[in-house]
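One structure is given below, encoded as structure tokens.
The values are calculated or read from the model by the stated rules, or taken from the named source; none is laboratory data. Model, not experiment: these values are computed from the prediction. Neighbour counts are summed over all protein chains in view; Cβ atoms, including those assigned to glycine, are modelled from backbone coordinates with ideal geometry. The protein model used for the area step is the full one, side chains on, heavy atoms only, and it has no ligands, DNA or RNA in it. Shrake-Rupley method; radii C 1.70, N 1.55, O 1.52, S 1.80 Å.
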Amino acid sequence: MPIMTWDASLDIGVTAMNREHQEILDAMNRIYDAKAQGVSGSAVNDMVARLGSVCVRHFADEEAYMKQVGYPELQRHIQLHARLLDQFSGHAAAIKAAGGAPNDEFFHFLKFWLTSHIKGIDIKYSEHARAQGVA
Ligand SMILES: [Fe+2]
Ligand SMILES: [Fe+2]
């Protein structure tokens, strides 16, 4: 069972970014399912690394999109992404140290971050793009 499923509340109105957010959700759910099935070790570390690269790519794409639509809070948003990646790296290192065994804190972090960042932070560049008529 997935830890988090896509629903309309996560729709920010930018198709390409919605799709990437779903990819992040999928990569996260894969790790959650693996844990539920008792999988650990390098298979899990690989999945965590994959989630990390999906996030890195998404942040780069999102930052390019914000630049393209002239979003004034771009620098602040870039800082938030950098902080998230920092936190993510800390979790990934802890999972590795635990032999490829993510703890609840990791999933709590992911779920909270995805929900609050998409609904509270990402939505703002989408609103800006729409207000400028460039969404
Ligand atoms: Fe973002
Ligand atoms: Fe995003």
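General observations
- Filter result for the condition that a residue is farther than 18 Å from Tyr32 by Cβ, in a loop (DSSP other than H, G, I, E, B) and more than 14 Å from ligand 1 (Cβ to nearest atom), over Gly90, Gly70, Gly100: Gly70
- For Thr5: the one exception among (1) at pLDDT 95 or above; (2) open to solvent by 50 Å² or more (accessible area, probe 1.4 Å); (3) not aliphatic (A, V, I, L, M): (1)
- In the range 21-32, the residues that are closer than 23 Å to Asn45 by Cβ, open to solvent by less than 60 Å² (accessible area, probe 1.4 Å) and out of contact with any Pro (no Cβ under 7 Å at 6 or more places or on another chain): Ile24, Leu25, Ala27, Met28
- Criterion (of a type in the set (A, V, I, L, M, F, W, C) and either closer than 18 Å to Met4 by Cα or open to solvent by 40 Å² or more (accessible area, probe 1.4 Å) (or both)) met by exactly one of Val69, Val39: Val39
- Asp86 meets all of the listed conditions (1) under 13 Å from the mean Cα position of the chain (by Cα); (2) in contact (Cβ under 8 Å) with a residue 24 or more places away in the chain; (3) open to solvent by 70 Å² or more (accessible area, probe 1.4 Å) but one, namely (2).
- For the range 40-89, a tally of residues being basic (Lys, Arg) and over 24 Å from Gly100 (Cα atoms) returns 2.
- Only one of Arg30, Arg76, Arg57, Arg50 that is within 12 Å of ligand 1 (Cβ to nearest atom), without any contact (Cβ under 8 Å) to a residue 40 or more places away in the chain and either outside any loop (DSSP other than H, G, I, E, B) or aromatic (Phe, Trp, Tyr) (or both): Arg76
- Any chance Glu62 is crowded, with 18+ Cβ neighbours inside 10 Å, within 21 Å of Tyr125 (Cβ to Cβ) and charged (D, E, K, R): yes
- The one condition from (1) of a type in the set (D, E, K, R); (2) surrounded by 13 or more Cβ atoms within 10 Å (Cβ to Cβ); (3) more than 15 Å from Thr115 (Cα to Cα) that Asp11 does not meet is (3).
- Restricting the range 103-135 to residues that are of a type in the set (Asp, Glu) and within 16 Å of ligand 1 (Cβ to nearest atom) leaves a set whose member that is surrounded by the fewest Cβ atoms within 10 Å (Cβ to Cβ) is Glu127.
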